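Report on the following structure.
Just so it is clear, none of the values below were taken in a lab; they were calculated from the coordinates. Owing to the predicted nature of the structure, the values given are computational and were not obtained by experimental measurement. So basically every Cβ, Gly included, is an ideal-geometry build from the backbone, and we count neighbours across all protein chains shown.
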Amino acid sequence: MAQSYQDLLAAAREHVPELQVSDLAERLASGDAPLVIDIREQAEWDEGHIPGALHVPRSFLESRIAGVAAQDREIVLACASGQRSLLGAVTLQLMGYERVLNLAGGFQRWKQAGHHYDVPQTLSPAQRSRYSRHLLIPEVGEEGQLTLLNSRVLMIGAGALGSPAAYYLAAAGVGTIGIVDDDVVDMSNLQRQIIHTTERVGMNKGESAKIAIEALNPEVRVNVHPVRINRDNVLDLMGQYDIVLDGTDNFPTRYLLNDAALMTRTPLMHASILRFEGHASVFLPYEGPCYRCLFPEPPPPELAPSCGEAGVLGVLPGLMGNIQATEAIKVLLGAGETLSGRLLIYDALQMTFDELKIRRDPHCPACGEHAHLEFRDYDAWCSGVGRHTSEPLPA
Ligand code: ZN
């Protein structure tokens, strides 16, 4: 015998007990709450929902319920007005769920009664489309993408390492990217610094990078800091960001960044490049080793040539900068195993990846137990003044 919608609802009411919103609010407040499952559509959920509720859209209720609740669990189903959830509750009863209640009047009545509700931050349709391949990865997903959008990464330098790193971080949707660089684009940069263009030779590198980033992903906020990083500005700059990415090519700045990262407890993504070889690691302040656990003293100047002196294969920083960006995203998301405690050594000529274990040194002059961390004159120190030892870099 055919039944109308009203008949269906009337029959369902005979089998499904109701819970009033005031009773649910009381039970939530007392910590004795049943599992609230909100079966509305995504757009309805996005406009607000009962705190602590689980979102399982009606179309997925049967297929997903086993994953979220055991059959003996007390469940309250909620929708906008209490009708869709009533019919959903009948289905759950058929599936063996015996303690299913229907929230009378649904979310509308909850809201009208003045109870608190959460409005989640969500991705816009345009963001869903742009980041759709991230949304498919469980380790990122909507929550992870929102984390990236709310993240702030400071790039020290928009050069060889900073070019690919900033580009990919912007593509990935890191919401704010700060670029510290007082240098201008030179023709000799373009062999590897791919965020710049021939047309922008002579422009500040931060400004040039900003143009490229905004063309790729206009919603990324780019803060250009056209200064040279130094003892006076490093703490203020680092304090504005969640993560710092070292794209410099000199030892004084590398040590300055290490010490400032410890002082501000900012995770530091490290990489260095020369000719065909690249190094990368992640320094998590006081959790893993720092740069000075690895190299307590800078190498003598004659053993530490720069790329300007010794050259660098143009594609090498493309890989190393991307490793830094990858590690930055993992640290921001809290996903996977980072390079903390490991120095990755890439030899492009032999095409080999090796790893050196690095441990936190309890006697480290920067992060050790008795370290008195303060800034020094890094330029003088790295040029050999006031140095106690002069050991070369490990091969
Ligand atoms: Zn250390």
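Side notes on the structure shown:
- The phi torsions of segment 298-315, fed into the Karplus equation with coefficients 6.51, -1.76 and 1.60 and a -60° offset, translate into couplings of x, x, x, x, 5, 9, 10, x, 8, 4, x, 8, 9, x, 8, 5, x, 7 Hz, rounded to whole numbers, with Gly and Pro shown as x.
- The spacing between segment 305-324 and segment 92-163, judged by their C-alpha centroids, is 38 Å.
- In a simple Cβ point-charge model (Lys, Arg +1; Asp, Glu -1; nothing else charged), segment 232-275 has a dipole of about 200 debye relative to its Cα centre.
- Whole-Hz couplings from phi, Karplus 6.51/-1.76/1.60, listed for segment 139-150; x for Gly and Pro: 5, 10, x, 5, 4, x, 5, 5, 4, 4, 4, 8
- Qualifying GluC sites (Glu not before Pro) for segment 291-345 [loop in DSSP, other Cβ within 10 Å: at most 13]: 337
- Centroid-to-centroid separation of segment 1-80 and segment 278-304 [C-alpha atoms, Å]: 55
- Of all DSSP beta bridges in segment 9-128, antiparallel share, percent nearest 5: 10
- Segment 294-345, Rg to Rh (Cα coordinates; Rh as Kirkwood inverse mean 1/r): 1.07
- Considering only 117, 167, 378, the mean-square fluctuation computed in a Gaussian network model of the chain, springs between alpha carbons under 10 angstrom, is largest for 117.
- Orientation-averaged projected area, Cα convex hull of segment 11-96 (nm²): 5.6
- Hz values of 3J(HN,Hα) by residue in segment 365-380 - Karplus curve (6.51, -1.76, 1.60), Gly and Pro given as x: x, 9, 10, x, 4, 10, 6, 10, 7, 8, 5, 10, 7, 5, 5, 5
- Per-residue [θ]222 nm for the chain (sum of -39500 (n - 2.57) over DSSP H runs n ≥ 4, rounded to 500): -10000 deg cm²/dmol
- Sum of side-chain charges, residue 40 neighbourhood, beta-carbon under 14 Å (Lys, Arg +1; Asp, Glu -1): -2
- Applying a DSSP loop filter and a limit of 12 other Cβ atoms within 10 Å to the GluC sites (Glu not before Pro) in segment 91-152 leaves 98, 139.
- Separation between Cα centres of segment 341-383 and segment 190-223, rounded to whole Å: 30
- Of the peptides 236-248, 348-360, 14-26, the order by per-residue mean of other Cβ atoms within 10 Å, starting with the highest, comes out as 236-248, 14-26, 348-360.
- Descending semi-axes in Å of the chain, equivalent ellipsoid built from Cα gyration tensor: 55, 23, 18
- Judged by the gyration tensor of its Cα atoms, with axes a ≥ b ≥ c, segment 163-260 is oblate; a/c meets the 1.5 cut and b/c is at least as large as a/b.
- Computed lengthening from residue 373 to residue 62, 0.36 nm per intervening residue step minus Cα-Cα distance: 106.1 nm
- Antiparallel DSSP beta bridges within the chain, as percent of all bridges there, nearest 5: 40
- Compared with the dominant Cα axis of the chain, that is its longest principal axis, helix 21-30 is turned about 50°.
- Angle between the chain longest axis and helix 162-172 axis [Cα atoms, degrees, rounded to 10]: 0
- Computed from Cα positions, the angle between helix 316-333 and the longest principal axis of the chain comes to roughly 40 degrees.
- Summing charges over neighbours of residue 287, with a neighbour being any other residue whose Cβ is under 10 Å away from its Cβ, gives +2 when K and R count +1 and D and E count -1.
- Long-range amide H partners of residue 342 with built H, under 5 Å: 282, 358
- Of every Cα-Cα pair in segment 154-194, the percent that sits beyond 13 Å: 51
- FRET efficiency for the pair residue 191 and residue 380, taken as 1/(1 + (r/R0)^6) with r the Cβ-Cβ distance and R0 = 25 Å, rounds to 0.20.
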